[in-house]
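Working notes, structure below.
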Amino acid sequence: LDADQFITDNSTVIDGTLYFWEHFDTNNSHYLRDYEGGYATYNLMMGTPSVSTATEAQPDNSGLTSGVGSATKPAPTGYISVGQGFFVTVINTDYINFNNGQRVFARDSNGGSIFYKTTSKKTQTNSDQRTKLWFSFTEPKNITKILGLGYDANHATYGYDKGFDATTFDEFRNDAYWVLNEKNLVIQALPSINLEDKLALTVKATDAGIYKFGIDKSQNVPDALEIYLKDDLTERYYDIKSSTAEISLSSGLYENRFSIVFQDAKTLSNEDEAFNSISVSYNKTNKTLTLNRITDLKSIKSLKIYDTMGKRLLSLKSLESNTIDLSSFSDGIYVLSLKTTDHASEKSIKYIKY
């Protein structure tokens, strides 16, 4: 079954996310309370693997299953094998549509029985040029949860996007998740990489101990992109692209302490909020740079673009559009310098072309 086509065909009926139960290889019982397993997640943005719900010393919250065992399968792809069940959340009272247009032949590359297909008719992992990150969160008893962050310039926004953002299916004793519109997310989708972004990460630490934050894997991430875990309590930036961060936490809910950022500490100007809120976003497909939160293009006094060596590559005294063509620029990090008629100082914004 082509999962992407199934989600698209049922976009008015379901919330756009599929959940898969992984029955761990360590199972040796038919009793529900002794089951070992976890839930994997898939939507139009990406997939995240299941997680062991607990250890023998720390049973899961639901009490329905044993909460022990080890996940062995990768994140689900867009192709679901024969006999594989999955869960959906219905948002409207209507029929769910299964049709022959959703059928697809995908060869089993692993041999023998598998949880879900890891190959596709379209070689999905090779043709999908979107940027994706899989962040790892490991709690004191060494259970790891994966959080997804993806970028889709054509479908994702900074709001909740059905079929691209995904809520968590189960809650863990020690947990981490993105929060958007009061929803706890395991997958967050955004339009494009913005170096000014600060992506809040909520951490629930029921048990005191060492918590680890890192990057499990990535896809189509620019080499020059820096990725940090910011601790607002200590004002420390952890370079998790280079190594895993280990932080000792007391028991508690940390809603405003941690975030993922793409720049380390810098001095903020004292100019007004409207000027400071100006940001840029890069569209990889169109190779264009968009100026965000500018209400009046006539207020732009000058716009300049420099490379990291300080060489000026572009200079404009006025703008007719908030979109700038960067097709002639090489991949790399650049600095956009902006002046408006209302401010004497310049605003500098780093961005990355890739």
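The values are calculated or read from the model by the stated rules, or taken from the named source; none is laboratory data. Please read all numbers here as calculations on a predicted model, not as lab measurements. Cβ: placed from backbone, ideal geometry, glycine included. Neighbour counts: every protein chain shown.
Give the stretch 219-231 a look and list any residue that's in a strand (DSSP E or B) and touching a Phe, Trp or Tyr at 6+ places or on another chain (Cβ under 7 Å), or say none. Quick ask: steps written out before the conclusion?
Of all residues in the stretch 219-231, those in a strand (DSSP E or B) come to 219, 228-231.
Scanning the stretch 219-231 gives Tyr228, Leu229, Lys230, Asp231.
Under 7 Å between Cβ atoms, at least 6 apart or on separate chains: pull out the pairs that start in the stretch 35-62 with a residue that is in the same structural domain as Asp15 (by TED's automatic domain parsing) and aliphatic (A, V, I, L, M) and end on any residue that is modelled with pLDDT under 50 and in a loop (DSSP other than H, G, I, E, B).
Val51/Ala71; Ala54/Asp60; Ala54/Gly67; Ala54/Val68
How many residues does the stretch 322-354 contain that are part of a loop (DSSP other than H, G, I, E, B) and either in the same structural domain as Ile193 (by TED's automatic domain parsing) or closer than 23 Å to Asp197 by Cβ (or both)? Steps first, answer last, please.
Of the stretch 322-354, the ones part of a loop (DSSP other than H, G, I, E, B) are 322, 326-331, 341-346, 354.
Okay, now just the ones that are also either in the same structural domain as Ile193 (by TED's automatic domain parsing) or closer than 23 Å to Asp197 by Cβ (or both), so 322, 326, 329, 331, 343, 345-346, 354.
The number of residues fulfilling the criteria is 8.
When you go through Leu201, Leu147 one by one, which is the residue that is within 10 Å of the chain's Cα centre (by Cα) and either among the β-branched types (Val, Ile, Thr) or modelled with pLDDT of 95 or more (or both)? Please lay out each step first, then the result.
Working: Leu201 fails: within 10 Å of the chain's Cα centre (by Cα).
The unique qualifying residue is Leu147.
State yes or no: is Ile114 at pLDDT below 50 and either farther than 16 Å from Thr41 by Cβ or within 16 Å of the chain's Cα centre (by Cα) (or both)? Show your work before the answer.
Numbers: at pLDDT below 50: yes; either farther than 16 Å from Thr41 by Cβ or within 16 Å of the chain's Cα centre (by Cα) (or both): yes.
Yes; evaluated as a whole, the condition is true for this residue.
Yes or no: Asn27 over 28 Å from Ala156 (Cβ atoms), touching an Asp or Glu at 6+ places or on another chain (Cβ under 9 Å), modelled with pLDDT of 50 or more and in the same structural domain as Gly148 (by TED's automatic domain parsing)? Steps first, please.
Working: over 28 Å from Ala156 (Cβ atoms): yes; touching an Asp or Glu at 6+ places or on another chain (Cβ under 9 Å): yes; modelled with pLDDT of 50 or more: yes; in the same structural domain as Gly148 (by TED's automatic domain parsing): yes.
Here the answer is yes, as Asn27 does meet what is asked.
Those residues that are farther than 19 Å from Arg130 by Cβ and not β-branched (Val, Ile, Thr), I need them from the stretch 158-179; list them, please.
Phe169, Asp170, Glu171, Phe172, Arg173, Asn174, Asp175, Ala176, Tyr177
Can you tell me how many residues within the stretch 192-218 are part of a strand (DSSP E or B) and of a type outside the set (Gly, Ala, Ser)? If you could, list the steps in order and put the result at the bottom.
As a first pass, look at the stretch 192-218 and keep what is part of a strand (DSSP E or B): 198-205, 209-218.
Subset that is of a type outside the set (Gly, Ala, Ser): 198-199, 201-204, 210-213, 215-217.
Within the stretch 192-218, residues that are part of a strand (DSSP E or B) and of a type outside the set (Gly, Ala, Ser) number 13.
If we scan the stretch 294-303, do we find a residue that is in a loop (DSSP other than H, G, I, E, B) and either within 22 Å of Glu226 (Cβ to Cβ) or polar (S, T, N, Q) (or both)? It would help to see each step written out before you state the result.
Residues of the stretch 294-303 in a loop (DSSP other than H, G, I, E, B): 294-296.
Filter once more, keeping what is either within 22 Å of Glu226 (Cβ to Cβ) or polar (S, T, N, Q) (or both): 295.
Yes, that holds for at least one residue.
Can you run down the residue pairs with Cβ atoms below 9 Å, 6 or more apart or on separate chains, where the first is in the stretch 9-25 and crowded, with 20+ Cβ neighbours inside 10 Å and in a loop (DSSP other than H, G, I, E, B) and the partner is modelled with pLDDT of 95 or more and acidic (Asp, Glu)?
Between residues of the stretch 9-25 that are crowded, with 20+ Cβ neighbours inside 10 Å and in a loop (DSSP other than H, G, I, E, B) and residues that are modelled with pLDDT of 95 or more and acidic (Asp, Glu), the close pairs are Gly16/Asp161; Gly16/Asp165; Thr17/Asp165.
Which count do you get for residues in the stretch 265-283 that are polar (S, T, N, Q) and either at pLDDT 85 or above or assigned to a strand (DSSP E or B) (or both)?
Residues of the stretch 265-283 that are polar (S, T, N, Q), as a first pass: 267, 269-270, 276-277, 279, 281, 283.
Those still in the list that are either at pLDDT 85 or above or assigned to a strand (DSSP E or B) (or both) too: 279, 281, 283.
Summing the residues that are polar (S, T, N, Q) and either at pLDDT 85 or above or assigned to a strand (DSSP E or B) (or both) in the stretch 265-283 gives 3.
Can you pull out the residues in the stretch 70-84 that are at pLDDT below 85 and either on the phi > 0 side of the Ramachandran plot or not in a loop (DSSP other than H, G, I, E, B) (or both)?
Once the filter is applied, which keeps residues that are at pLDDT below 85 and either on the phi > 0 side of the Ramachandran plot or not in a loop (DSSP other than H, G, I, E, B) (or both), the stretch 70-84 yields only Gly83.
So is Leu133 more than 18 Å from Tyr39 (Cα to Cα) and buried (at least 21 other Cβ atoms within 10 Å of the Cβ) or not?
Numbers: more than 18 Å from Tyr39 (Cα to Cα): yes; buried (at least 21 other Cβ atoms within 10 Å of the Cβ): yes.
The answer is yes for Leu133.
Can you list residue pairs whose Cβ atoms sit under 7 Å apart, with the first residue in the stretch 76-94 being within 16 Å of Phe169 (Cβ to Cβ) and the second being charged (D, E, K, R) and modelled with pLDDT of 85 or more? Count only pairs 6 or more apart in sequence or on different chains.
Close Cβ pairs satisfying both conditions: Thr89/Asp15; Ile91/Asp15.
Mind listing just one residue for me: the one in the stretch 215-255 that is surrounded by 12 or more Cβ atoms within 10 Å (Cβ to Cβ), out of contact with any Ser or Thr (no Cβ under 8 Å at 6 or more places or on another chain) and of a type in the set (D, E, K, R) and, of those, nearest to Leu149 (Cα to Cα)?
Of everything passing the filter in the stretch 215-255, Lys217 is nearest to Leu149 (Cα to Cα).
Taking the stretch 307-321 on its own, how many of its residues are in contact with a strand residue (DSSP E or B) (Cβ under 7 Å, 6 or more places away or on another chain) and either under 27 Å from Asn220 (Cβ atoms) or not assigned by TED's automatic domain parsing to the domain that holds Asp296 (or both)?
Keep residues of the stretch 307-321 that are in contact with a strand residue (DSSP E or B) (Cβ under 7 Å, 6 or more places away or on another chain), which gives 307-308, 312-319.
Subset that is either under 27 Å from Asn220 (Cβ atoms) or not assigned by TED's automatic domain parsing to the domain that holds Asp296 (or both): 307-308, 313-314.
Adding up the residues that qualify gives 4.
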